[in-house]
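Chemist: Before I ask anything, here is the structure I am working with.
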Amino acid sequence: MTPINPINPMTPMKTTKITTHFATQSTAKTAMRNAALAASLALPLAALAHGPAQPGAPMAPMHATVKEQKPWGIAGDKKEVRRTVRITMSDTMRFAPERIEVREGETLRLVVVNRGKLLHELVIGTRAELESHAALMKKHPGMEHDEPYMAHVASGRTGELVWTFNRAGEFEFACLIPGHFEAGMIGRIAVVAAPAAQRR
């Protein structure tokens, strides 16, 4: 039923339509504000995974360390580190050194330096695991991936990871950024078995 206009009973009031119009306008403005806020918060996942891109200070790890046993070891504690190995990465798609040797049970700090102009990373794993992960990265280049056995390092920056190699065997480290792995950006890790007496 249309409300009666007390000033002129012959003229129907437009209150309902006016209220609806303002409500619609208000809803539209709220939706636009929410969309703008969402867009500002929705940074690319790759940027979040790879950390800040400004050159200079060392890059802080983007993950909270989760200790999960892997075939190539487990996240290590800094207080257990007895040796630091510095590995450099370059736009020639190579690591230096390309091979490191570790004793089974040893906790290593890997300091990873990016000498190139491109973003690079170091990911430890088995050949099968790295190949599978590289294929996934190629299919979804913006996907977020960040684990304690990875270091994503922007140009001119330094990153690090601490890893306990508690499984003997031959493992690898690689840059899984699309095109880098395929170009041969792979290194090798030999974990020498501990003497039987040390395993007891």
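Chemist: Any chance you could run the full-extension gain for K138 through D91? It's 0.36 nm times the residue separation minus the Cα-Cα distance, nm to one decimal.
Modeler: Residue separation times 0.36 nm, minus the Cα-Cα distance, leaves 15.1 nm.
Chemist: Of the listed peptides 118-128, 72-82, what is their order by residue-averaged count of other C-beta atoms within 10 Å, with the highest listed first?
Modeler: Highest mean packing first, the order is 118-128, 72-82.
Chemist: Kindly rank 89-100, 158-169 from highest to lowest mean number of other beta carbons found within 10 Å of each residue.
Modeler: My ranking of the peptides, most packed first, is 158-169, 89-100.
Chemist: Pulled fully out, how much extra length does the chain show between E147 and E98, if you take 0.36 nm times their separation in residues and subtract their Cα-Cα distance?
Modeler: 15.5 nm
Chemist: While we're on this one: In whole angstrom, how far apart do the alpha carbon centroids of the stretch 78-117 and the stretch 141-189 sit?
Modeler: 10 Å
Chemist: Debye calculation, C-alpha points only, no solvent: report log10 I(q)/I(0) for the stretch 124-200 at q = 0.14, 0.17, 0.20, 0.25 Å⁻¹, in the same order as the q values.
Modeler: Results for the stretch 124-200 at q = 0.14, 0.17, 0.20, 0.25 Å⁻¹ read -0.54, -0.74, -0.96, -1.32.
Any read-out appearing in this document is the output of simple, stated calculations on the displayed coordinates, not a laboratory observation. If you're wondering where the values come from, they're calculated on a predicted model, not measured in any experiment. FYI the Cβ positions are ideal-geometry reconstructions off the backbone, even for glycines, and counts take in every protein chain you see.
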